[in-house]
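Each remark here refers to the structure printed beneath this line.
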Amino acid sequence: MKKGCLYLTIVLSLVLCLAVFSTVEAKVQTIEFWDVNTRAPHVEAFDKLMKEFEEETGIKVIKNIFSTKDLMTQVATAKAGGTLPDVILADFGDTQSVSMGLMGVAAPVDDIIAEMGEDYWVHPIFLKRARYDGKCYGVPWITFPHVLVYRKDWFDEKGLSAPQTWDEWYQVAKELTEDTDGDGKIDRWGMVCGFKEGFPFMDLVCSNGDYWWDEDGNATIGKRTEETLNFFRKLANDTMYPGSVSYTHEDTRLAFTEGIGAMIATSTSYLFPFDRDVPEWFDEGKIAATGIPVNVKGREGTFIGYNSLVAVKGPKEEAAKEFIKFVIRKDVAAQYFSKNVDGHVPALSPVWEDSGFWKARARYESTYRAALESVKASKWDEPVVPWSGIFFSRCGYDKVMDNIYVNKWSTKRVLNWLEDNLNEVSEEWD
Amino acid sequence: MKNLYSKSETKIGYSFFLPAFIVLCIFLLWPCLQLLILSFTKTNMLRPDQAGKFIGLRNYINLYKNAEFWTAGYRSLVFTAIATVVSIVLSYLIASLVNFDFRGKSLVYAGLFLPWVISDVITAFIFRWSYDMTYGIVNYLLSETLHILSGPIPWLGRMDTAMPAVIIANVWRLMPFSTMVIIAALKQVPAGLLEAARMDGASNFRVHTKVIIPSIKAPLAVLYILRIGALFRSFDIIWLLTKGGPGNATNVLPIYYYRTAFEGMSLGSGAAIAVHILLFVIVCYYIIFRLFGKEAFS
């Protein structure tokens, strides 16, 4: 009997201790953050930022990493299973944050935007594209504006200058497509592209101000789209490395560093792999970047991909918003962007004015400045529609490129195909 | 027919069978039923307000009206049929070649099994770079060494070569398992039977077709079932190699399903596609069952 009592006392004491410890643990507030960026400089800089946030607020941030492509599936699954995090880094800041808003996952962040003021962001388009039905669902943070990267040494050899218009682009690309070793076969191309992700075509769409739908979601595919398709056809047929058709964006960058092509249209994040693989190009000034050439002056449009911070609806919404405000705060953001992935540039105006940031980024100053100028000059203002993701799953830019270059569809056929699908998707949505 | 077992024995038999049946119901039949129900609803992840709204056969009607569904189905059939037959025929040939005692046999077997232990992602990368126009070994061998081609070609970037290229990658990945199963089966063929056939003057071809293949009918039937099931649902390698492109050249049903359900966020329409994948595999299993006969599976 005595023994039994002793055991019971021990068990009860243990239970009591556990209860006390769990209460202490519960007092430390935690929030979960879903990240999509796995590159080492980001991970290091962001981990530091999380620690500083914990020291300042007592809120611990627990990070989980997901692949960009799986993010929306993970979000949908977590919503169904009631396991959503508190803050999400949306890779496609516009479509993904709006989609999360539509799914009932993202909390509106208009209070944060109002507190910081809209001028806090480099371009109003960042906020506009994260808004739907009058509410903003993401706080833009990192951006990757697209630029035309070119081999400056080859341009200099031929006395060419960076193209500013489509005509100039085609001319220089054609001139640089040649047989350099005299064996009768072309071994250097003007352009290298990655058909698998469709970015090069998207750059043309943006730089031509080619909107495929209006504010009401009605198809506006017409003359401009025809111009875009025809220019892509010309550029691809006459100046593009044929292996581009099976390349991803990363393959394209690799091919460029191997000297297969003279130009690639890519995002500023090219700096990270290039400076790792061919640092001498930066030391010797062999490459340079310029804005994506335009078809008609006045229609300048740069595709501005960006990451947004999304606060998830729920009991920890306030803590999540506090974390977001901390991340975008000038001093914190300047420190982060001084050490993050090269080419992942700030979407926040105050960081661009920070001398410490410029000092840290001196090596890439020209590209960073080209990126900023091209963002500021961009007039790209595609209306936000809820079904754009569904439409692009059917008619992605990659498929358009394949249909022109591989399937050899006529321009008219591509236009009809785009319009039919667009009408179908918007009707289905209604 | 007279029951051989008493009532209590039958009950015990059922009780042994019951746990497996319950597990099957929970993990197989219930998800299939859920899939079927989902296919009759308008479930789009972007419209949680409408999730589960019953729309009858609308998803199916839309699917049948869409030409891409039919072409994706046709591509799936071609891909599955060619990859299945090629992988099993090649496996049989290789198994027959190595099915005798020789020095370094273990090493050869280990080498044969290597593609099976490599993950799909790595397989896809090996082939993506092997097919590459500039750095790929395939182009190098065919154009520089053997001079079969006049110049390198983008195997994964052409309408006419993408599907064969994808099939080869899948066959390479699946062949080792089939080879091992066939080697194991060949070892079970009685040596006396082969000897008798040869003494009766049967040619090598007849020995294979009339003696060996009928003797290993059961493992072959199982292999066909496994292959068809795996290939018709095959997604990883195709996605990593071509993402269904160029154009829609390798857009098979699982890719079409993924794009619809997860990129297009339309789970209802996606479920309707998945139902067709499931039905096709069931029909194929039934055909194989009939072709090989009951005894192959008993």
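The values are calculated or read from the model by the stated rules, or taken from the named source; none is laboratory data. Keep in mind the model is a prediction, meaning the values are calculated, not measured. FYI the Cβ positions are ideal-geometry reconstructions off the backbone, even for glycines, and counts take in every protein chain you see. Note: areas computed on protein heavy atoms with side chains; ligands, DNA, RNA excluded. Shrake-Rupley method; radii C 1.70, N 1.55, O 1.52, S 1.80 Å.
Hey, how many Å between the Cα centroid of the stretch A:77-147 and the Cα centroid of the stretch B:175-246?
54
In percent, how large is the relative contact order of chain A, given Cα pairs closer than 8 Å and 6 or more residues apart?
24
If contacts are Cα pairs under 8 angstrom and at least 6 residues apart, what is the relative contact order of the stretch B:62-297 in percent?
27
Take every DSSP beta bridge with both residues inside chain A and express the antiparallel ones as a percent of the total, to the nearest 5.
Antiparallel bridges make up about 70 percent of those DSSP assigns within chain A.
May I ask for the distance between the Cα centers of the stretch B:74-132 and the stretch A:373-411, given as a whole number of Å?
Using only Cα atoms, the two centres lie 39 Å from each other.
Over chain A, what number does the Rg to Rh ratio reach, with both radii from the alpha-carbon atoms and Rh per Kirkwood?
1.06
With every protein chain kept in place and ligands, DNA and RNA left out, what is the accessible area per residue of chain A? Probe 1.4 Å, answer in Å².
Ligands and nucleic acids excluded, the result is 42 Å² per residue.
Counting other Cβ atoms within 10 Å, which trypsin sites (Lys or Arg not before Pro) in the stretch B:228-298 have at most 15 and lie in a DSSP loop?
none
Normalising by the residue count of the stretch B:180-266, find the relative contact order in percent from Cα pairs under 8 Å and 6+ residues apart.
Once normalised by length, the contact order is 21 percent.
Ignoring ligands, DNA and RNA, what percent of the 1.4 Å accessible area of the stretch B:62-297 is carbon and sulfur? Mind showing how you got there, number by number?
Details: 8000 of 11500 Å².
The value for the stretch B:62-297 is 70 percent carbon and sulfur by accessible area.
What do you get for the angle between helix A:223-239 and the principal long axis of chain A? Use alpha-carbon atoms, 0 to 90 degrees, nearest ten.
So the inclination is approximately 70 degrees.
With runs of 4+ DSSP H residues as the only contributors, calculate the mean residue ellipticity of chain B at 222 nm using -39,500 (n - 2.57) per run, divided by the residue total and rounded to the nearest 500.
Mean residue ellipticity at 222 nm (helix-derived): -20500 deg cm²/dmol.
Need one word for the stretch A:173-330: rounded, prolate or oblate. Basis is the Cα gyration tensor (sqrt eigenvalues a ≥ b ≥ c); a/c below 1.5 gives rounded, then a/b vs b/c decides.
Oblate.
May I ask you to give the percent of accessible area on the stretch A:45-132 that is carbon plus sulfur, with a probe radius of 1.4 Å?
For the stretch A:45-132, the apolar C and S fraction of the accessible surface comes to 52 percent.
In degrees, nearest 10, range 0 to 90: what is the angle between the Cα axis of helix A:411-429 and the longest Cα principal axis of chain A?
20
Provide a list, ordered by number, of residues in the stretch A:352-395 showing at least 40 Å² less accessible area with every protein chain present than when their chain is taken on its own, using a 1.4 Å probe.
Flagged in the stretch A:352-395: A:Ile390, A:Ser393.
Accessible area of B:Leu33, 1.4 Å probe, to the nearest 10 Å²?
So the heavy atoms of B:Leu33 present about 80 Å² to solvent.
Take every Cα-Cα distance within the stretch B:62-297, group them into 5 Å bins from 0 onward, and report for each bin the whole-number percent of pairs it holds.
For the stretch B:62-297, the binned pair fractions read 1, 6, 11, 14, 15, 15, 13, 10, 8, 4, 2, 1, 0, 0 percent.
I'd like the chymotrypsin sites (Phe, Trp or Tyr not before Pro) in the stretch B:232-271 restricted to DSSP loop residues with at most 16 other Cβ atoms within 10 Å, sorted by number. Present the calculation step by step, with values, prior to reporting the outcome.
On the way: sites: B:Phe232, B:Phe235, B:Trp239, B:Tyr256, B:Tyr257, B:Tyr258, B:Phe262; in loops: B:Phe235.
For chymotrypsin sites (Phe, Trp or Tyr not before Pro) across the stretch B:232-271 that sit outside H, G, I, E and B with at most 16 neighbouring Cβ atoms in 10 Å, the list reads B:Phe235.
As I understand it, the dipole of the stretch B:62-297 uses +1 on the Cβ of Lys and Arg and -1 on the Cβ of Asp and Glu, about the Cα centre. Which of B:Ser76, B:Asn99, B:Gly293 lies farthest toward its positive end?
B:Gly293
Quick one: of the DSSP bridges fully inside the protein assembly as shown, what percent are antiparallel, nearest 5?
Bridges in the protein assembly as shown that DSSP calls antiparallel: roughly 70 percent.
How large is the convex hull of the C-alpha atoms of the stretch B:83-188 per residue, in Å³?
Cα convex hull per residue, to the nearest whole number: 124 Å³.
What whole-number value in Å² describes the accessible area per residue of chain B for a 1.4 Å probe?
Spelled out: the 1.4 Å probe surface of chain B, per residue, equals 55 Å².
At a 1.4 Å probe, which residues in the stretch A:36-81 are at least 50 Å² less accessible with all protein chains present than in their chain isolated?
A:Thr73
Along the charge dipole of the stretch A:127-212, pointing to its positive end and built from +1/-1 on Cβ of Lys, Arg, Asp and Glu, which listed residue (A:Ser207, A:Ser161, A:Met191) has its Cα farthest out?
The residue sitting most towards the positive pole is A:Ser207.
Once you sort the root eigenvalues of the Cα gyration tensor of the stretch B:168-298 as a ≥ b ≥ c, which label holds: rounded (a/c under 1.5), prolate (a/b larger than b/c) or oblate (the other case)? Write out the running numbers ahead of the final one.
Values: a/c = 3.79, a/b = 2.35, b/c = 1.61.
Prolate is the answer for the stretch B:168-298, as a/c is 1.5 or above and a/b outweighs b/c.
With n ≥ 4 as the cut-off for DSSP H runs, can you work out [θ] at 222 nm for chain A, using -39500 (n - 2.57) per run divided by the number of residues, rounded to the nearest 500?
-15500 deg cm²/dmol
Just to verify a number: FRET efficiency for B:Leu57 and B:Ile82, C-beta to C-beta distance, R0 = 30 Å, to 0.05? Provide the component values of the computation, followed by the final result.
Working: r = 33 Å, r/R0 = 1.09.
E between B:Leu57 and B:Ile82, to the nearest 0.05, is 0.40.
To the nearest 20 debye, what is the magnitude of the charge dipole of the protein assembly as shown about its Cα centre, counting +1 on the Cβ of each Lys and Arg and -1 on the Cβ of each Asp and Glu?
3560
How much of the calculated P(r) for the protein assembly as shown lies past 53 Å, in percent of all Cα pairs? All intermediate terms of the calculation are to be shown ahead of the outcome.
Working: 56591 of 264628 pairs.
For the protein assembly as shown, the share of Cα pairs beyond 53 Å comes to 21 percent.
For B:Leu267, what accessible surface area do you get with a 1.4 Å probe? Give it in Å², rounded to 10.
Accessible area, nearest 10 Å²: 50 Å².
Using a 1.4 angstrom probe on the protein heavy atoms only, line up B:Tyr92, A:Tyr241 by accessible area, largest first.
Most to least solvent-accessible, the answer reads B:Tyr92, A:Tyr241.
In debye, nearest 20, what is the charge dipole magnitude of the stretch A:31-120 about its Cα centre with +1 on Lys and Arg Cβ and -1 on Asp and Glu Cβ, if you could check? Before the final figure, lay out each step's value.
On the way: 7 positive and 17 negative charges, 115 e Å.
Computed about the Cα centre, the dipole is about 540 debye.
In chain B, with Lys and Arg counted as +1 and Asp and Glu as -1 at Cβ, which of these residues, B:Leu156, B:Ala271, B:Ser8, has the Cα nearest the positive end of the dipole, that is, farthest along it?
B:Ser8
In the stretch B:156-182, which residues become less accessible by 50 Å² or more once every protein chain is in place, relative to the chain on its own, using a 1.4 Å probe?
Residues losing area: none.
Hey, what angle do you get for helix A:166-176 against the long axis of chain A, alpha-carbon based, 0 to 90 degrees rounded to 10?
Compared with the principal axis, the helix lies near 80 degrees.
In debye, nearest 20: dipole of the stretch B:62-297 around its Cα centre with unit charges on the Cβ of K, R (+) and D, E (-)?
My answer is approximately 420 debye.
Let a ≥ b ≥ c be the square roots of the eigenvalues of the Cα gyration tensor of the stretch A:314-383; is it rounded (a/c under 1.5), or, if not, prolate (a/b larger than b/c) or oblate?
oblate
Distance between Cα centroids, the stretch B:1-61 to the stretch A:230-284: provide it in whole Å.
The stretch B:1-61 and the stretch A:230-284 have Cα centres spaced 51 Å from each other.
Using a 1.4 Å probe and counting only protein heavy atoms, how much accessible surface gets buried when B and A come together, both sides summed, in Å² to the nearest 100?
Approximately 2700 Å², summed over both chains.
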